[in-house]
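Report on the following structure.
Bear in mind these aren't lab numbers, they're just calculated from the coordinates by the rules spelled out. All of these numbers come straight from a predicted model, not from anything done at the bench. All Cβ positions, glycine included, derive from the backbone under ideal geometry; neighbour counts span all protein chains shown.
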């Protein structure tokens with residue numbers, strides 16, 4: 001788009017369905033690379049994709065040409081298809097519905113990058129649930145926990 005200038009830094013966070021620990025070390029880094037490439041192929045800029053066994057953080061530069069919701073639907077769909085096509089698991093893989101999205105100023109990029117980069121160490125001290133609730137509180141996002149952390153029916 002001519003005369004469209006932007007600088008949109010977004011961190012998204014989403015979980016494996018029922019927060020199961022299915023993102024195994026054997027394929028996790030390859031998956032994150034695949035997800036980053038998907039983001040880039042859709043016209044955005046991957047800064048870093050990382051996570052642990054039960055959730056993922058995508059830190060990216062968002063292009064205003066596409067909506068964040070469309071991007072996340074495609075990233076999650078492509079990633080689950082990739083996991084299932086490669087038969088990494090003995091069961092079908094799926095993501096939990098929804099995601100968190102948090103925006104940052106350019107001055108915060110290096111801090112957020114380090115945070116996403118250090119997920120394994122971070123989660124030795126804090127659970128995903130506590131981390132996610134902390135994000136929602138820090139960004140003053142109204143929420144109801146019963147819709148965020150639901151168990152299998």
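On full extension of the chain, what length is gained from residue 137 through residue 66, given 0.36 nm per residue of separation minus the C-alpha to C-alpha distance?
Residue separation times 0.36 nm, minus the Cα-Cα distance, leaves 22.8 nm.
For region 1-26, list residues with backbone N below 17 Å from a point placed 7 Å from the Cα of residue 45 toward its Cβ?
From region 1-26, the list is 1-12.
Quote to one decimal, in nm, the extra length available between residue 77 and residue 20 on full extension: 0.36 nm per residue of separation minus the C-alpha distance between them.
18.8 nm
Within 10 Å, count the other beta carbons around each residue, average over each peptide in 26-33, 77-84, and list them highest first.
By packing density, highest mean first, the sequence is 77-84, 26-33.
Return the equivalent ellipsoid semi-axes of the chain as a descending list in whole Å, where each equals the square root of 5 times an eigenvalue of the C-alpha gyration tensor.
That gives 24, 20, 15 Å for the three semi-axes.
Using a ≥ b ≥ c from the Cα gyration tensor of region 64-135 (square roots of the eigenvalues), is it rounded, prolate or oblate, where a/c under 1.5 gives rounded and otherwise the larger of a/b and b/c decides, a/b for prolate?
It is oblate, given that a/c is not under 1.5 and a/b is not larger than b/c.
Helix-only estimate, please: 222 nm mean residue ellipticity of the chain, summing -39500 (n - 2.57) across DSSP H runs of length 4 or more and dividing by its residues, to the nearest 500.
-12500 deg cm²/dmol
For the pair residue 129/residue 145, report the inter-label distance in nm, with labels modelled 7 Å from Cα in the Cβ direction.
Reported label-point gap for residue 129 and residue 145 is 0.7 nm.
Can you give the relative contact order of the chain as a percent, counting alpha carbon pairs under 8 Å and 6+ residues apart?
32
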